[in-house]
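The values are calculated or read from the model by the stated rules, or taken from the named source; none is laboratory data. Nothing here was measured: the structure is a model prediction, and the numbers come from that model. Here the Cβ positions follow ideal geometry from the backbone for every residue, glycine too, while neighbour counts run over all protein chains shown.
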Amino acid sequence: MSSHAQLLPDNNNLNVQSVNRWMKSNRDMAPLIQAIDARHLTPESFKTFEALSSIEQDQYIELVLREENLLGQADSIVRQYGWKSVGEYMRLSTKLGNAIAAYFLFGDLGKVTEDQAKQLKEKADPAVLAVPQADIDFIRRNEKTLQQYIQAYGAGR
């Protein structure tokens with residue numbers, strides 16, 4: 001979407017700068033994300049979307065936003081907050097959500113029996129189990145900053 005994308009910071013990895021950008025842009029991104037999420041009425045359609053490359057995801061998102069007459073608003077928000085695309089924001093959201101889930105899961109594993117730990121791992125989303133230790137450590141180090149998002153996740157929101 002954005003012609004100045006090559007000048008933007010790394011928004012692909014969890015770091016203080018990318019997560020701060022994510023937190024600041026949440027409220028403005030919400031209506032865009034709702035419009036995109038409304039297209040994924042089944043878990044299968046969401047999995048199909050997740051399996052696309054980032055370029056294909058961005059093309060799909062741009063199509064949805066154009067159909068919903070939100071493309072101008074999206075371009076403005078992307079420029080304002082320093083994202084390359086709405087898709088980049090969504091991918092960082094997923095990465096952050098998975099890291100928070102892994103932080104909870106692996107924190108819980110230390111408090112349960114071996115059998116309970118095995119059951120937790122069997123029920124866990126493979127994406128959560130695949131979260132790199134560095135991302136879990138990032139959540140642990142920045143728990144205070146992320147507190148409201150961690151609490152919302154813990155409450156099932």
Checking Ser76 against (1) more than 19 Å from Leu146 (Cα to Cα); (2) modelled with pLDDT of 90 or more; (3) surrounded by 15 or more Cβ atoms within 10 Å (Cβ to Cβ); (4) of a type in the set (S, T, N, Q), the condition it does not meet = (3)
Pick from the range 95-118 the residues that are surrounded by 12 or more Cβ atoms within 10 Å (Cβ to Cβ) and among the polar types (S, T, N, Q): which of them is nearest to Ile150 (Cα to Cα)?
-> Asn98
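Please list, ordered by residue number, the helices (runs of 4 or more DSSP H) wholly in the range 72-157 having 2 or more residues that are farther than 27 Å from Ala51 by Cα, touching a helix residue (DSSP H, G or I) at 6+ places or on another chain (Cβ under 8 Å) and free of Cβ contacts under 8 Å to residues at least 40 places away in the same chain.
Working: elements: 86-109, 114-123, 126-129, 133-141, 147-154.
Once the helices (runs of 4 or more DSSP H) in the range 72-157 are filtered for at least 2 residues that are farther than 27 Å from Ala51 by Cα, touching a helix residue (DSSP H, G or I) at 6+ places or on another chain (Cβ under 8 Å) and free of Cβ contacts under 8 Å to residues at least 40 places away in the same chain, what remains is 86-109.
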Arg39 vs. criteria surrounded by fewer than 16 Cβ atoms within 10 Å (Cβ to Cβ), free of Cβ contacts under 8 Å to residues at least 40 places away in the same chain and basic (Lys, Arg) = yes
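Just to be sure before I move on: is Val19 within 15 Å of the chain's Cα centre (by Cα) and of a type in the set (A, V, I, L, M, F, W, C) in the structure I sent?
On the way: within 15 Å of the chain's Cα centre (by Cα): yes; of a type in the set (A, V, I, L, M, F, W, C): yes.
Taking the combined requirement at face value, the residue satisfies it.
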